[in-house]
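The values are calculated or read from the model by the stated rules, or taken from the named source; none is laboratory data. Note that this is a predicted model, so its numbers are computed, not measured. All Cβ positions, even for glycine, are placed from backbone atoms using ideal geometry, and neighbour counts span all protein chains on display.
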Amino acid sequence: MSPLITWLWNYLMVAPHVLLVGLLILLVRRRVYRSFPVFTAYVAWEILSFAVLAAILWKPSASGNAYAAGYTLALAISTALRFGVIYEIFAYLFRNYDRLKYFGRPLFRWGTVVLLLAGVGLAAYTTGSPDGAMTKLTISVAWCVRGVSVRVRVSRA
């Protein structure tokens with residue numbers, strides 16, 4: 001690759017996580033972590049997982065299998081934290097409405113079950129080696145959670 005493309009690749013990989021560090025500092029300084037602990041944990045996890053994965057990626061002696069295993073683990077934990085962030089958003093939105101709060105909890109639980117089943121179905125439907133089944137499952141569930149988080153953001157706008 002040309003030096004410009006390499007520099008651009010590294011910049012686009014590092015810049016969002018630098019912004020996440022700034023966000024984490026703001027969350028701690030303004031004590032927002034008390035109201036949104038799962039979101040704060042998610043931001044901290046994204047920073048930590050990036051640091052570990054970047055170290056693996058930039059280490060010349062590291063294998064592709066090590067990076068793939070680390071990425072799959074990081075994505076699985078990140079996906080679980082995203083479910084928690086979505087739940088925090090629902091809980092925050094429904095906190096003043098008792099009837100909606102009782103309706104929202106079962107709705108969220110069933111939505112989680114449906115998304116997990118969709119991820120399992122997508123992973124089972126795709127072809128490939130059985131070694132990558134867990135990676136496919138993790139990626140499928142992560143995409144389902146991203147779809148829900150986009151819908152939550154759009155409905156708030």
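When you scan segment 87-99, how many residues do you find that are out of contact with any Phe, Trp or Tyr (no Cβ under 9 Å at 6 or more places or on another chain) and assigned to a helix (DSSP H, G or I)?
3
Residues being free of Cβ contacts under 8 Å to residues at least 12 places away in the same chain and either within 19 Å of the chain's Cα centre (by Cα) or surrounded by 14 or more Cβ atoms within 10 Å (Cβ to Cβ) (or both): count how many of those fall in segment 18-36. Steps first, answer last, please.
Keep residues of segment 18-36 that are free of Cβ contacts under 8 Å to residues at least 12 places away in the same chain, which gives 18-19, 22, 25-26, 29-34.
Remaining after also requiring either within 19 Å of the chain's Cα centre (by Cα) or surrounded by 14 or more Cβ atoms within 10 Å (Cβ to Cβ) (or both): 18-19, 22, 32-33.
Qualifying residue count for the region: 5.
Look through 84, 111, 128, 121 and report the one residue that is surrounded by fewer than 18 Cβ atoms within 10 Å (Cβ to Cβ), modelled with pLDDT under 75, in a helix (DSSP H, G or I) and not aliphatic (A, V, I, L, M). Even if it seems obvious, please write down each step before you answer.
Details: 84 fails: modelled with pLDDT under 75; 111 fails: modelled with pLDDT under 75; 128 fails: in a helix (DSSP H, G or I).
After applying the criteria, what remains is 121.
In the list 56, 77, which residue meets the criterion of being closer than 16 Å to residue 142 by Cβ, aliphatic (A, V, I, L, M) and out of contact with any Cys (no Cβ under 8 Å at 6 or more places or on another chain)? Quick ask: steps written out before the conclusion?
Working: 56 fails: closer than 16 Å to residue 142 by Cβ.
After ruling out the rest, the residue left standing is 77.
Please tell me if residue 136 is modelled with pLDDT of 85 or more and more than 29 Å from residue 27 (Cβ to Cβ).
Spelling it out, it is not the case that residue 136 is modelled with pLDDT of 85 or more and more than 29 Å from residue 27 (Cβ to Cβ).
Just to check your reading of the model, which residue among 38, 21, 43 is at pLDDT 95 or above and touching a Phe, Trp or Tyr at 6+ places or on another chain (Cβ under 8 Å)? If you could, list the steps in order and put the result at the bottom.
Working: 21 fails: touching a Phe, Trp or Tyr at 6+ places or on another chain (Cβ under 8 Å); 43 fails: touching a Phe, Trp or Tyr at 6+ places or on another chain (Cβ under 8 Å).
The conditions single out 38.
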